[in-house]
1. The range 21-68 to the range 77-139: how many Å between their Cα centroids?
2. In percent, what relative contact order does the range 3-170 have, based on Cα pairs under 8 Å that are 6 or more apart in sequence?
3. On each of the three principal axes of the Cα atoms of the range 80-175, give max minus min coordinate, whole Å, ordered largest first.
4. Which semi-axes, in whole Å and largest first, does the equivalent ellipsoid of the chain have when worked out from the alpha carbon gyration tensor as the square roots of 5 times its eigenvalues?
5. What does the charge count near Arg88 come to, summing +1 for each Lys or Arg and -1 for each Asp or Glu among other residues with Cβ under 12 Å from its Cβ?
6. Kindly provide the trypsin sites (Lys or Arg not before Pro) of the range 73-124 that DSSP labels as loop, not H, G, I, E or B, and whose Cβ sees at most 16 other Cβ atoms within 10 Å.
7. Helix 73-89: angle to the longest alpha-carbon principal axis of the chain, degrees 0 to 90, nearest 10?
8. With a point put 7 Å past each Cα toward its Cβ, work out how far Glu3 is from Val94 in nm, to one decimal.
Amino acid sequence: MTEKRFALFVAAVLIVMAAVSRVVPHPWNFTPMIAVALFGGARIEKAWVAIAAVIGTLVAGDVALGLFPYGGIEWVYGSMIAVVLVGRAARGGVARAIVGALAAGALFFVVTNLGVWIAGGLYPRTAQGLIDCYVAAVPFYRNQIVGDLIFTGALFGAHAIATGAYARLARPQAA
C-alpha cells in the first residue's frame, strides 16, 4: 500500500469513527461533525469525495437518531458543505487547522441560526428578532467551539501520527 493510499484509508477510518461518536449521548452541540467536515476537506484529495463523505455521514447520523429529514436541514447540510471548503484552505499545519476549526464553527453558527430566524416561528423577522436568535444560541455555541477544537485536534493529530508511523515503517532500513 502506498503512503498516499494509507493516508486516505486512515482518513476514512477516522471519519467513520467520528461519525459513529455522533450518535452516542453527548452535551448539546459537542459533536465531531465540524471537525469531520474540516478534516475531510483538508485530507481528502477530491472536494466532491469529501463533500459526499460528509453528507453521507450526516444522513447516516440523522437516520440513526431518527431525525431525518427535519426542518432547516438545508441550512445544516449547506453549511457543512461550506465547512468542507474551509477545510481545503486549512491544509498546511496546526495553526491553519485551529483557525479553520474556529472559522468553520463560526460559519456553521451564523448560517444555521440565520436559517432558524428566516424560517420564522421562533423569532420575529426583525433586526431585534435576529439578534435574539443569535443570543439564544450562544450557550450552544460554547459547547460547539470546545468540541470543534477537541475533535479537530484528535482527527488531525491521529492522522499525522498514523501516517508518520507508516512512513517510518515503510522506509527501507539502512544496513
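1. The range 21-68 and the range 77-139 have Cα centres spaced 15 Å from each other.
2. Numbers: 208 pairs, mean separation 53.4, N = 168.
Relative CO of the range 3-170 lands at 32 percent.
3. In descending order, the Cα extents are 74, 22, 19 Å.
4. On the way: eigenvalues 229, 50, 36 Å².
The equivalent ellipsoid of the chain has semi-axes of 34, 16, 13 Å.
5. Surrounding charge for Arg88 is +3.
6. Values: sites: Arg88, Arg91, Arg96; in loops: Arg91.
Filter output for the range 73-124: Arg91.
7. 40
8. Distance between label points: 2.1 nm.
Since every read-out is calculated from the coordinates, none of them should be taken as a lab result. Since we're looking at a predicted model, the values are computed, not measured. Every residue, glycine as well, gets a Cβ built from its backbone with ideal geometry; the counts of neighbours run over all protein chains shown.
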